Amino acid sequence: QLMQTTSPIVDCGVHYLDVMLQITDAKPVEVRGMGVRLTDEVAPSMYNYGHLQVLFDDGSVGWYEAGWGPMISETAFFVKDVISPNGCVSIVMKEGVKSDDIDTHTKTSTIRLHNAATGADGKFAKPDEMLSMEGEPGHQDLCDLEQAFVLKAIREDLDLTKHMDDAVKSLAVCLAADESVRSGAAVKL
């Protein structure tokens with residue numbers, strides 16, 4: 001039923017917008033979304049592929065793309081990059097991972113750090129650095145860790161205000177992106 005009631009840029013996008021907010025620590029000010037219905041498996045008013053671009057008040061731009069269904073490429077289903085003037089960070093998955101394996105949506109496998117600095121010759125000053133994420137938790141282990149943290153927050157009365165604010169902002173941005181998909185216009189936040 002999920003594909004009938006919620007678009008992938010809302011359902012999946014909230015998690016990535018939350019990360020964007022943590023990385024930029026900036027206020028989202030505008031979002032633009034596009035979506036398309038690529039299958040009869042979803043209602044005529046719903047779409048199963050979409051992307052959004054969010055503009056932040058510090059000049060940062062975030063981009064997110066998501067899709068559900070058998071037409072989504074096994075190559076393109078997992079493109080995760082964070083790009084800045086200083087370089088970028090990319091999640092590099094192992095060859096042959098499958099989109100229907102839930103752990104591929106929570107594990108990062110390898111993280112590539114790319115430094116944009118160049119030498120006098122115009123060549124990159126440093127080679128890309130590959131960081132192995134060997135031993136990272138799977139989907140269920142990650143859920144267990146999250147539940148343990150919530151329990152700790154309750155027992156120790158931790159202040160989760162910023163986490164909650166970012167989660168609510170993330171949802172608001174994704175819902176505004178969904179509005180943009182349906183209206184065809186950018187949405188000011």
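Against the test of being over 17 Å from the mean Cα position of the chain (by Cα), at pLDDT 90 or above and not acidic (Asp, Glu), the options VAL42, VAL29 yield a single qualifying residue, VAL29.
Quick one: in segment 20-47, of everything that is touching a residue at least 60 places away in the same chain (Cβ under 8 Å) and β-branched (Val, Ile, Thr), which residue is surrounded by the fewest Cβ atoms within 10 Å (Cβ to Cβ)? Across segment 20-47, the extreme among qualifying residues is VAL29. Please tell me if GLN22 is more than 24 Å from LYS98 (Cβ to Cβ), part of a helix (DSSP H, G or I), within 15 Å of the chain's Cα centre (by Cα) and of a type outside the set (A, V, I, L, M, F, W, C). Spelling it out, GLN22 is indeed more than 24 Å from LYS98 (Cβ to Cβ), part of a helix (DSSP H, G or I), within 15 Å of the chain's Cα centre (by Cα) and of a type outside the set (A, V, I, L, M, F, W, C). A single member of GLY33, GLY50 is outside any loop (DSSP other than H, G, I, E, B) and within 16 Å of ILE72 (Cβ to Cβ), and it is GLY50. Here GLY50 clears all of (1) under 20 Å from SER84 (Cα atoms); (2) surrounded by 20 or more Cβ atoms within 10 Å (Cβ to Cβ); (3) at pLDDT 90 or above; (4) not basic (Lys, Arg) except the condition numbered (1). Just one of the numbered conditions (1) outside any strand (DSSP E or B); (2) at pLDDT below 90 is not true of VAL89: (1). If we keep just the residues of segment 70-80 that are surrounded by 11 or more Cβ atoms within 10 Å (Cβ to Cβ) and modelled with pLDDT under 75, which is farthest from HIS114 (Cα to Cα)? Ranking the candidates gives GLU74 first. When residues in segment 112-126 are screened for being basic (Lys, Arg), in a loop (DSSP other than H, G, I, E, B) and in contact with a strand residue (DSSP E or B) (Cβ under 7 Å, 6 or more places away or on another chain), 1 of them pass.
The values are calculated or read from the model by the stated rules, or taken from the named source; none is laboratory data. Not measured: the values here are computed from a predicted model. Methodologically, a virtual Cβ is constructed for each residue, glycine included, from the backbone with ideal geometry; neighbour enumeration extends over all protein chains shown.
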